Amino acid sequence: MSKAPVQIIMGSRSDWPAMQSAIEPLQALKVDYATSIVSAHRTPQRLYTFCRQSESDGTRVIIAGAGGSAHLAGMAAAMTWLPVIAVPMPSKYLKGVDSLLSMVQMPKGVAVATQAIGEAGAYNAGLLACQMLALSDPALQQRLIDWRRAQTDSVAEDVQ
Ligand code: RP5
């Protein structure tokens, strides 16, 4: 696993088309990130090792995308004190509602920040990670303020 303040993990390579939206705000705001495939069910030992390493290598935020039973974010949150942002992946049969309910219904005492299903959720996960890091990074905070102003300015009043 490469060192970076934002670690983006996902349960399968098939999650990447949706999860790649998470990197857009990170790139726009110049925040370093790393991506890897870590599955709660198929590679549990890799998840354990990832959580142990994350606590000692400078990781500040974990973004976890998974679909279906979607235990990845919750299990990561169970194994590390680092903040975990969950992104429910659209699933084949239940369209990601299964992923959403699984990720959002955490037991009291183990928190994850669950986003919307799919690309918008992945994008906002990247953005939220930037906002978390901006709490202790004044330069990033200013880039975030500028970025938000530009977004507001880009919304036209006219319909046509
Ligand atoms: C989950 O199962 C993954 O996160 C993915 O969303 C889903 C399907 O995975 P694949 O069968 O495509 O590898 O664990």
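Couple of notes before you dig in:
- Solvent-free Debye scattering, log10 I(q)/I(0), computed from the Cα coordinates of the chain at q = 0.09, 0.12, 0.17 Å⁻¹: -0.29, -0.50, -0.94
- The slack in the chain from GLN142 to ARG13, taken as 0.36 nm per residue of separation less the alpha-carbon distance, amounts to 43.0 nm.
- The chain - share of DSSP beta bridges that are antiparallel (%, nearest 5): 0
- Averaging 1/r across all pairs of distinct Cα atoms in region 68-160 and inverting the result yields a Kirkwood radius of 15.0 Å.
- Estimated from helices alone, the mean residue ellipticity of the chain at 222 nm is -13000 deg cm²/dmol (sum of -39500 (n - 2.57) over DSSP H runs with n ≥ 4, per residue).
- For the residues ALA150, ALA28, ALA116, a GNM of the chain with alpha-carbon springs under 10 Å puts the largest fluctuation on ALA150.
- On full extension, the segment bounded by SER2 and LYS92 gains 29.3 nm, given 0.36 nm per residue less the C-alpha separation.
- Angle in degrees between helix 119-134 and the longest Cα principal axis of the chain, rounded to the nearest 10: 80
- Among 103-113, 123-133, 14-24, the order from most to least packed when residues are scored by Cβ within 10 Å on average: 123-133, 14-24, 103-113
- LEU101 versus VAL155: modelled label distance in nm, points set 7 Å from Cα along the beta carbon direction: 3.2
- Cα-Cα separations in region 17-97 greater than 18 Å, expressed as whole percent: 43
- Region 80-148-region 23-74 distance, computed between alpha-carbon centres (Å): 11
- Entry note: region 91-144 has Rg to Rh equal to 1.11, where both radii use alpha-carbon atoms and Rh is the Kirkwood radius.
- Virtual paramagnetic centre 7 Å along Cα→Cβ of LEU82, amide N under 20 Å, in region 47-68: 47-67
None of the figures in this text is laboratory data; all of them are computed from the coordinates on show. Only a predicted model underlies this, so the values are computations on that prediction, with no experimental measurement involved. Glycine gets a Cβ as well: all are built from the backbone with ideal geometry, and neighbour counts include every protein chain shown.
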